[in-house]
Amino acid sequence: MTVFELRGGCVALGGREILHDVSVSVDSGEFVAILGANGSGKTTLVRTLVGLVPLSAGTLEVFGTPLARFRDWPRLGYVPQRLSVGGGVPATVREVVASGRTGRAHRLRRLGRADHAAIDHALEDVGLSHRGSDAVATLSGGQQQRVLIARALAGEPEVLVLDEPTAGVDADSQDTLAGALGHLAGQGGSVVLVAHELGPLADLIGRAVVMSGGRVASDGPPPEPEGHHAHVGHIHTHAHETHDRGHPSVLEPRTFDR
């Protein structure tokens with residue numbers, strides 16, 4: 001089954017065209033990296049795929065359904081660029097991860113056994129089972145990124161879309177994130193992620209879509225790392241794309257609850 005099918009996609013933000021005639025498809029079970037320099041349109045592309053940025057031209061289908069008619073959002077999990085999940089709210093790690101069950105659980109009932117089991121598994125996948133009762137604000141940046149991913153995994157999505165999940169994250173957290181994503185892929189799930197370099201994810205990625213100037217420059221096997229990006233322990237710290245700010249907070253209602 002095709003998860004995403006974008007044909008001739010164009011996106012304009014602030015009166016400036018960011019994506020130009022982009023066509024990309026992602027099939028079920030694929031692990032796809034979206035690569036490219038800052039400002040190449042990577043983040044805009046993934047935000048378009050999950051319905052957060054509207055098309056100005058072109059068509060998009062999600063699981064074979066035109067985006068305007070798609071309603072089964074719990075099938076998708078989305079993790080934005082790394083941001084602080086403390087937000088001044090004294091939420092615990094488990095409370096934040098539990099918010100990822102919003103799309104699966106009925107709003108008027110308490111979380112049931114299946115919900116708690118999914119939360120437990122998500123925390124275990126990202127190596128934070130022992131931190132469930134800790135305040136999120138006390139965690140390191142890498143651990144907070146793990147919380148974001150656990151929140152998405154708790155919803156038991158069929159496809160997980162992540163925007164630079166390893167950017168600025170320590171090496172140990174990068175390895176843990178790679179293990180969690182590898183587990184999802186091993187269960188037949190699809191993964192689409194934005195990255196500047198692949199790092200510990202390199203062995204998982206089967207395909208790379210390289211963006212340049214808002215267009216698809218290449219689509220095929222991932223490129224081999226070069227220069228200092230190829231060094232073991234290299235941690236990405238480049239600035240994010242400036243035209244894709246304002247991601248929803250992890251403490252806000254689930255992105256796909258519409």
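The values are calculated or read from the model by the stated rules, or taken from the named source; none is laboratory data. Because the structure is a prediction, the values reported are computed rather than measured. Glycine gets a Cβ as well: all are built from the backbone with ideal geometry, and neighbour counts include every protein chain shown.
Could you grab me the full set of residues in region 130-158 that are under 19 Å from ASP170 (Cα atoms), surrounded by fewer than 19 Cβ atoms within 10 Å (Cβ to Cβ) and of a type in the set (Gly, Ala, Ser)?
ALA137, SER140, GLY141
How many residues does region 60-72 contain that are surrounded by 13 or more Cβ atoms within 10 Å (Cβ to Cβ), outside any loop (DSSP other than H, G, I, E, B) and among the hydrophobic types (A, V, I, L, M, F, W, C)?
3
Go through region 196-222 and report how many residues are assigned to a loop (DSSP other than H, G, I, E, B) and of a type in the set (A, V, I, L, M, F, W, C).
So the answer is 4.
Scan region 18-39 residue by residue and report those that are modelled with pLDDT of 95 or more and over 19 Å from LEU181 (Cα atoms).
The answer is ILE18, LEU19, HIS20, ASP21, VAL22, SER23, VAL24, SER25.
Among the candidates LEU55, LEU111, single out the residue that is farther than 19 Å from LEU181 by Cβ, of a type in the set (A, V, I, L, M, F, W, C), assigned to a loop (DSSP other than H, G, I, E, B) and at pLDDT 90 or above.
LEU55
Anything in region 176-191 that is surrounded by fewer than 22 Cβ atoms within 10 Å (Cβ to Cβ) and outside any helix (DSSP H, G or I)? List them, or say none.
Listed by number, the residues that qualify are GLN187, GLY188, GLY189.
Restricting to region 21-59, give me the number of residues that are crowded, with 16+ Cβ neighbours inside 10 Å and not aliphatic (A, V, I, L, M).
Number of matching residues: 14.
Being free of Cβ contacts under 8 Å to residues at least 24 places away in the same chain and among the acidic types (Asp, Glu) narrows it down to one residue among GLU224, GLU164, GLU156; which is it?
GLU224
So GLY8 fits all but one of (1) buried (at least 19 other Cβ atoms within 10 Å of the Cβ); (2) modelled with pLDDT of 95 or more; what number is the exception?
(1)
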